[in-house]
Amino acid sequence: MAHTQHTRSLSHLEEALTVLFCLIDDTYALLNPHARRYESIKRLSDSEIITLALFQQLRSVESQRSFLRDAQRFFSHLFPGVAGLHPSSFNRRVRKLRRFLEPLRREILPELVGEPETLLVDSTLLEVLHPRQVGQSAGWGSPSEGAAWVRWGSFSVYGVKLHLLCSTNRVPLSYELTPANIADISLTEELIAEAALGEGVARRLLGDLAYSSSEDLREALAEVGILLATERAERRHGVRQHIEIALSSLKRVFGLGKTLATTLVGLATRIAAKIAAYTYAFVVNRVLGRPQGHIKELWA
């Protein structure tokens, strides 16, 4: 009985993985039409590497060595080139292809969010090093460009901040990674510009009370037809909670705050993969007729 259940679960996972690859392969061919010229000399195509990178995040496996071992054991019939693939080679390919992760994700956003009337904005702090390790933080850039110290309650944390703009169905519209000491309101206009929202739709932006202190921001948003609305943290309910649930899912299911990255480039690559995987999981669920937010049960 247990064997039958395991076989059925693996079959569903393979189906989801096939859908994920097809979605990525079709879009990547449009974004990078010249990539197929060199596929015959590659162990894995670019689309396969990107699919595996997202699959790793969907499986919540931070160690690339462990992930590739499992992929070779259970999914080599889908990705023959994964057999014998060294983690360092996989890592180099993923970093090289990182620039396509966000364009790929943006291609599927319209079918997920349409023209959202309500936008949600928030940020979360990600510690990248224990305070005792900061002295060896050469890979994390300068305080103005990489990680930085920030006061968090009664503690000081060395890390970065993820700024997120999302829709009310918890789909990320845009995001930015900054040093931890960067104020939330300073990224708002940039997040909205990156979301590339269509014109002619009356919108409102929901944020916490910190956003109410900037009259300049309120006026700038009003010029593009967006009403800024704020509320105290303890009064958050209903719609406003969706962005908190999205950030919680990224941390709990995708390990957003527990990456094994040792450099800023590595962290940026993993975060891009996690957010892309999170977004693609919604589309895969839709294609398979599953509830949109049920992610972990399918990919675990």
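All of the numbers you see were taken from the coordinates with simple rules; none came from a lab. What you see is a predicted model; the values in this text were computed from it and never measured. Reconstructed Cβ throughout: ideal geometry from the backbone, glycine too, with neighbour counts over all protein chains shown.
A few points about this structure:
- Bridge type composition, the chain - antiparallel percent by DSSP, nearest 5: 70
- Computed from the C-beta positions of Ser88 and Asn32 and an R0 of 25 Å, the FRET efficiency is 0.60 to the nearest 0.05.
- Per-residue 3J(HN,Hα) values for the stretch 10-17, derived from phi via the Karplus relation 6.51 cos²θ - 1.76 cosθ + 1.60 with θ = phi - 60°, read 5, 5, 5, 5, 4, 5, 5, 5 Hz in sequence order (x marks Gly and Pro).
- Taking amide H positions as modeled 1.01 Å from N, with prolines and chain starts lacking one, no residue 5 or more places away or on another chain lies under 5 Å from Arg59.
- Alpha carbon centroid spacing (whole Å) that separates the stretch 188-247 from the stretch 283-298: 28
- If R0 is 25 Å, the Cβ-Cβ spacing of Glu244 and Glu102 corresponds to a FRET efficiency of close to 0.65.
- For the stretch 146-219, average projected area of the Cα convex hull in nm²: 6.1
- Cα point-scatterer Debye curve for the stretch 21-117, base-10 log of I(q)/I(0) at q = 0.14 Å⁻¹: -0.55
- Longest to shortest principal axis, alpha-carbon extents of the chain, angstrom: 57, 48, 47
- Close amide-amide hydrogen proximity is noted between Ser174 and Leu165, each under 5 Å apart and 5 or more residues distant or on a separate chain (H modeled in the peptide plane; Pro and chain starts excluded).
- Peptides 28-37, 167-176, 199-208 ordered by average Cβ neighbours within 10 Å, highest first: 167-176, 199-208, 28-37
- Lysines whose Cα lies under 20 Å from that of Lys296, excluding same-chain neighbours fewer than 8 positions away: Lys251, Lys258, Lys274
- Coupling constants for the stretch 117-126 follow from the phi torsions by the Karplus curve (6.51 cos²θ - 1.76 cosθ + 1.60, θ = phi - 60°), and in residue order they are 8, 10, 10, 10, 10, 6, 9, 9, 8, 10 Hz; glycine and proline get x.
- Considering helices alone, the calculated mean residue ellipticity of the chain at 222 nm is -14500 deg cm²/dmol, with DSSP H runs of length four and up weighted by -39500 (n - 2.57) and normalised per residue.
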